[in-house]
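The values are calculated or read from the model by the stated rules, or taken from the named source; none is laboratory data. Just so it is clear, the structure is predicted and the values come from calculations on it, not from any experiment. A quick note on method: Cβ atoms are made from the backbone with ideal geometry, for glycine too, and the neighbour counts reach across all protein chains shown.
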Amino acid sequence: MIDFPSTLLITSILGALLAGFACSTTGAFVVRMNLSSIGYLMSHAAFAGAAFGLMISIDPIIGAIFFSFGISLVLGPLAEKARLESNIVIGFLFSFMIALAFIFLNFIPGTAASARALRILWGSIFSVSTTDLFLLSIFSFIIIVFVVIFYKELIAIMFNRKLAESSGVNTRLYYFAVLFLTGIAVSLSIRIVGGLLVFALIINPTSTAYQFFFDFKKIFIFSPIIGIVSCLVGFWLSLISDFPIGASIVLISAIVFTIAIIFSPKRKKGKSKIKKVLA
Amino acid sequence: MKKNSNLIELVNIETVYEGERLPVIYDVNLKVEPGEFISIIGPNGAGKTTLLETINGLLTYSKGKGFVFGKEIKKHKSEIRKEIGYVIQNFEMDPLAPFLCKDIVMSGRTGKIGTFRFARKKDWDKVWYSMGLVGMIDFANRPIGKLSGGEFQKILLSRALAQNPKLLLLDEPFSNLDYASRKQVETLLNRIHEKNNITILIVSHDLNFVPSRCKRIIVLEHGKIIMDGSREKILKSEIINSIFNGNGGKI
């Protein structure tokens with residue numbers, strides 16, 4: 001294990017904790033609304049953004065955040081306008097973003113700079129700055145307020161969008177908001193977990209929580225807890241094993257998910273009581 | 001605001017789906033008075049669901065004028081919807097879905113409670129009352145995905161009732177139900193109509209299950225109302241016989 005200055009260690013731990021919280025809380029919506037491919041899209045939008053940033057000689061992270069913000073803003077309205085499933089629009093934008101990224105990369109002088117753009121896809125927790133922490137904290141606060149205030153609307157929409165609309169909920173607005181918040185969660189966490197692996201952090205903790213609970217309230221509580229624990233344990237694993245941070249976090253969350261599937265009470269067969277009665 | 005006694009008034013309504021040329025329903029004229037119990041019957045694709053969803057504003061009509069509670073549907077969509085309970089056609093529910101029955105019933109009150117407001121005791125009282133009305137109070141803490149077709153239908157009905165609606169729109173409430181469950185839901189609808197005096201519009205393709213309190217039947221075919229009259233008159237008519245064509249009472 002390598003020795004790190006304590007401030008760097010604390011910043012990194014906080015970064016892992018906040019990214020775990022942000023991604024897995026938005027994951028609760030993403031999993032239920034079948035939007036799992038949004039993670040791919042956002043990470044590649046960020047990649048294209050980073051390449052763009054390098055091309056015009058600005059910080060690649062600024063480009064990455066700018067692009068994923070932009071995509072999360074247009075995704076909802078575009079899916080509505082085109083009258084297509086969100087997943088189709090996500091697929092379309094995903095390939096479009098990769099195409100853009102390659103074009104931008106082509107214009108970046110030297111391989112060193114291209115490698116910087118590619119780093120967006122892998123992530124590094126030690127590059128987390130206090131600004132990142134500040135932004136993630138604000139976002140975490142916003143997402144908590146969003147869930148608490150609009151809990152009843154969100155439950156209604158996640159159960160059935162048409163029924164929610166028929167009881168007087170403006171479902172479009174909430175749908176866009178969820179897409180937008182997920183986009184922000186991804187773009188803020190990308191530096192830590194890396195673009196390629198961030199969607200695992202969105203999906204795995206919620207999917208794990210799904211194995212145990214039938215009450216959505218509990219999923220909202222346990223999904224971030226599982227996300228945070230996965231991030232912290234993954235961080236620790238990365239320190240002791242020298243694995244890349246994003247990969248370690250995903251490895252842990254995948255292990256947790258596998259264990260959850262094996263031990264899920266939802267999947268256990270009920271034991272018949274009839275025999276006992278007859279005996 | 002239109003002043004008359006009709007709860008629903010549709011004048012020459014035509015509804016076209018986006019991207020389509022032909023209207024799904026057209027020349028629809030309909031007047032419904034408060035407290036009526038109406039069955040809308042017709043073959044698949046006749047426009048029954050479209051008619052219901054034009055009434056609650058989920059679909060926007062392209063021609064004509066529509067009023068519900070004296071308010072124009074287009075202009076007062078969300079306001080009107082708060083007073084309309086809607087039960088959509090039975091849909092597939094993921095057995096692992098993480099929702100409890102009581103939360104689903106409560107979700108019917110979402111619009112009524114309003115944005116930035118939380119459910120209060122009186123909202124929960126309404127939830128318990130409507131769950132009791134359909135005999136599902138013991139299912140309050142059960143997961144929604146674990147219910148049988150009939151139980152799920154009753155929860156959807158109780159969700160609509162929790163809204164305390166003036167108007168209840170039911171889309172094929174008897175589909176996917178066995179005989180016993182159909183009878184139960186039918187009895188339930190009769191009881192709700194008698195007790196709460198709600199106006200009920202029910203879409204069905206099965207003439208054997210026109211609830212006994214339903215006194216008026218509307219027949220829809222190819223997007224047009226072809227018959228509208230009393231239960232006795234419609235059931236005895238030649239046209240109905242020709243449509244049903246000895247098909248076991250099913251269109």
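The table for this structure:
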read-out: B:GLY114 being surrounded by fewer than 24 Cβ atoms within 10 Å (Cβ to Cβ), among the small types (Gly, Ala, Ser) and away from chain A (no Cβ under 14 Å); value: no
read-out: The stretch A:135-191, subset under 16 Å from B:PHE118 (Cα atoms) and of a type outside the set (A, V, I, L, M, F, W, C), residue surrounded by the fewest Cβ atoms within 10 Å (Cβ to Cβ); value: A:TYR151
read-out: When residues of the stretch B:197-211 are limited to those that are part of a loop (DSSP other than H, G, I, E, B) and either free of Cβ contacts under 8 Å to residues at least 60 places away in the same chain or farther than 9 Å from B:GLU172 by Cα (or both), the one nearest to the chain's Cα centre (by Cα); value: B:ILE198
read-out: Filter result (within 10 Å of chain A (Cβ to nearest Cβ) and more than 19 Å from the chain's Cα centre (by Cα)) within the stretch B:66-100; value: B:MET93, B:ASP94, B:PRO95, B:LEU96, B:ALA97, B:PRO98, B:PHE99, B:LEU100
read-out: Residue among A:PHE141, A:PHE159 that is away from every other protein chain (no Cβ under 14 Å), out of contact with any Leu (no Cβ under 6 Å at 6 or more places or on another chain) and either aromatic (Phe, Trp, Tyr) or closer than 19 Å to A:SER37 by Cβ (or both); value: A:PHE141
read-out: Among the residues listed as B:LEU201, B:LEU188, the single one being of a type in the set (A, V, I, L, M), touching a helix residue (DSSP H, G or I) at 6+ places or on another chain (Cβ under 9 Å) and within 14 Å of chain A (Cβ to nearest Cβ); value: B:LEU201
read-out: Residues (surrounded by fewer than 18 Cβ atoms within 10 Å (Cβ to Cβ) and not charged (D, E, K, R)) located in the stretch B:120-141; value: B:TRP124, B:TRP128, B:TYR129, B:GLY132, B:GLY135, B:ILE137, B:ALA140, B:ASN141
read-out: Residue, surrounded by the most Cβ atoms within 10 Å (Cβ to Cβ), within the stretch A:38-63, restricted to residues that are under 20 Å from A:ILE249 (Cβ atoms) and hydroxyl-bearing (Ser, Thr, Tyr); value: A:SER43
read-out: Residue among A:ILE249, A:ILE240, A:ILE225, A:ILE245 that is at pLDDT 95 or above, of a type outside the set (D, E, K, R) and either surrounded by fewer than 17 Cβ atoms within 10 Å (Cβ to Cβ) or at negative phi (or both); value: A:ILE225
read-out: Among residues of the stretch B:52-80, those that are under 24 Å from B:SER175 (Cα atoms) and touching a Gly at 6+ places or on another chain (Cβ under 9 Å), counted; value: 3
read-out: Residues (crowded, with 16+ Cβ neighbours inside 10 Å and on the phi > 0 side of the Ramachandran plot) located in the stretch B:43-69; value: B:GLY47, B:GLY57, B:GLY64, B:PHE69
read-out: Condition check for B:LEU58: free of Cβ contacts under 8 Å to residues at least 60 places away in the same chain, more than 13 Å from every other protein chain (Cβ to nearest Cβ) and either part of a loop (DSSP other than H, G, I, E, B) or among the hydrophobic types (A, V, I, L, M, F, W, C) (or both); value: no
read-out: Set B:VAL210, B:VAL219, B:VAL185: member being over 24 Å from B:GLY111 (Cα atoms) and in contact with a Phe, Trp or Tyr (Cβ under 9 Å, 6 or more places away or on another chain); value: B:VAL185
